[in-house]
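Engineer: First, the structure itself, so that you have it in front of you.
The values are calculated or read from the model by the stated rules, or taken from the named source; none is laboratory data. If you're wondering where the values come from, they're calculated on a predicted model, not measured in any experiment. Heads up, the Cβs are rebuilt from the backbone with ideal geometry, glycines too, and the neighbour counts pull from every protein chain shown.
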Amino acid sequence: MGIAQPEDSPISESALPAVATSSLGPEPWKAPWWRPAKGDRATFFYLMLINLLAIAGVIFFPMPGWKIAAVTFALIWVGGMGVTVGYHRSLAHTSVRLHPIVRHALIFFAMFNGSGAPDSWTANHRQHHAKVETPEDISSPWIGGFWWSHLRWLWQAGNVPLQRWCPDLDQPQYRFWNRMQIPILAVSLFGGLAFGWTAFFWLGPMRLAASLHLQCFINSIAHMRPGRTDGEDSSQNITWLGFLHMFQGENWHGNHHAKPWSARFGWKVWQLDFGWYAIVLLEAVGLAAKVRRPF
């Protein structure tokens, strides 16, 4: 099968604006945590909602039964693959070109995982890499603190200019997903109601909150390497985080920052990276091409 995807569009840091625009000022991490930036009230409400509902689910429905548990973990797994392979490696870093069917299937699972639209995710991530550990980094714990990097930036950092950071995604095939974001998220959050209250809490808010925090650990603790100096990239590999990420490879974050253009995050045999294994398999069957390797 052929590979259809936009040509690589390398980002030149010198040609890009410095920061996201936040209505909370040039240092939004100093604002009260409960005050969202202009245009981000819905994001703040959604994040508070799923976390509060997740806590309620843990209290009132702690034992879901094996079927609901299996479906919940399966959705977390495919959602994580949508993020690490579809969003992170393919779209943000163009380290692999995916067949359109695979690419858009992964986008759907990432959005069903609560990870947002592909253009905003890509823009945020590219700015993070270009401005890492500086006040212009949208989610650095060394600038705004742990909770800023873990959650608060999502509703307080403001909007990264999409035309600057991901002009290659300004296409109908990606703008389509912006229109689908609310319907997909609504089904993701409330779809479990069709199977009862236990299924609602586990398949909806508990799954979405777990997926949220697992992804946010990469922004927070994976950028809190001890002994760093000011302005230095603090990304680090965290072995134990691989268990929480189901060994999909995102925990090898130090490797990734060292060679962000590589589709492979786990460089050693013992550094399990199922995102990489999936890419190798897709390449073998003709559904992935131009795979960029670290060595």
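Engineer: Would you point out the residue of segment 127-186, among those that are among the polar types (S, T, N, Q) and assigned to a helix (DSSP H, G or I), that is nearest to L214 (Cα to Cα)?
Structural biologist: Among those that are among the polar types (S, T, N, Q) and assigned to a helix (DSSP H, G or I), it is S149.
Engineer: Right, next: Exactly one of these conditions fails for G158: (1) touching a Pro at 6+ places or on another chain (Cβ under 6 Å); (2) surrounded by fewer than 24 Cβ atoms within 10 Å (Cβ to Cβ). Give me its number.
Structural biologist: Only one criterion is unmet by G158, namely (1).
Engineer: Looking at segment 40-59, can you tell me whether even one residue there is in a loop (DSSP other than H, G, I, E, B), within 26 Å of L189 (Cβ to Cβ) and either modelled with pLDDT under 95 or more than 22 Å from the chain's Cα centre (by Cα) (or both)?
Structural biologist: Residues of segment 40-59 in a loop (DSSP other than H, G, I, E, B): 40.
Right, trim to within 26 Å of L189 (Cβ to Cβ) and you get 40.
Still in the list and also either modelled with pLDDT under 95 or more than 22 Å from the chain's Cα centre (by Cα) (or both): none.
Among the residues of segment 40-59, not one is in a loop (DSSP other than H, G, I, E, B), within 26 Å of L189 (Cβ to Cβ) and either modelled with pLDDT under 95 or more than 22 Å from the chain's Cα centre (by Cα) (or both), which makes the answer no.
Engineer: Got a sec? Which of T122, T94 is under 29 Å from P205 (Cα atoms) and β-branched (V, I, T)?
Structural biologist: None of the other options fit; the residue is T122.
Engineer: Can you pull out the residues in segment 213-240 that are of a type outside the set (A, V, I, L, M, F, W, C), under 13 Å from the mean Cα position of the chain (by Cα) and not in a loop (DSSP other than H, G, I, E, B)?
Structural biologist: Listed by number, the residues that qualify are H213, Q215, N219.
Engineer: Which one of these is assigned to a helix (DSSP H, G or I) and in contact with a Phe, Trp or Tyr (Cβ under 8 Å, 6 or more places away or on another chain): F200, F243, F247?
Structural biologist: Working: F243 fails: in contact with a Phe, Trp or Tyr (Cβ under 8 Å, 6 or more places away or on another chain); F247 fails: assigned to a helix (DSSP H, G or I).
Answer to the check: F200.
Engineer: For segment 81-126, what are the residues that are of a type in the set (S, T, N, Q) and part of a loop (DSSP other than H, G, I, E, B)? Show your work before the answer.
Structural biologist: So the first thing to find is which residues in segment 81-126 are of a type in the set (S, T, N, Q), and the list is 84, 90, 94-95, 113, 115, 120, 122, 124.
T94, S95, N113, S115 - these are the residues of segment 81-126 that are of a type in the set (S, T, N, Q) and part of a loop (DSSP other than H, G, I, E, B).
Engineer: To continue, here is another question. Is it the case, given these coordinates, that G192 is touching a Ser or Thr at 6+ places or on another chain (Cβ under 9 Å), crowded, with 22+ Cβ neighbours inside 10 Å and assigned to a helix (DSSP H, G or I)?
Structural biologist: Working: touching a Ser or Thr at 6+ places or on another chain (Cβ under 9 Å): yes; crowded, with 22+ Cβ neighbours inside 10 Å: yes; assigned to a helix (DSSP H, G or I): yes.
Yes.
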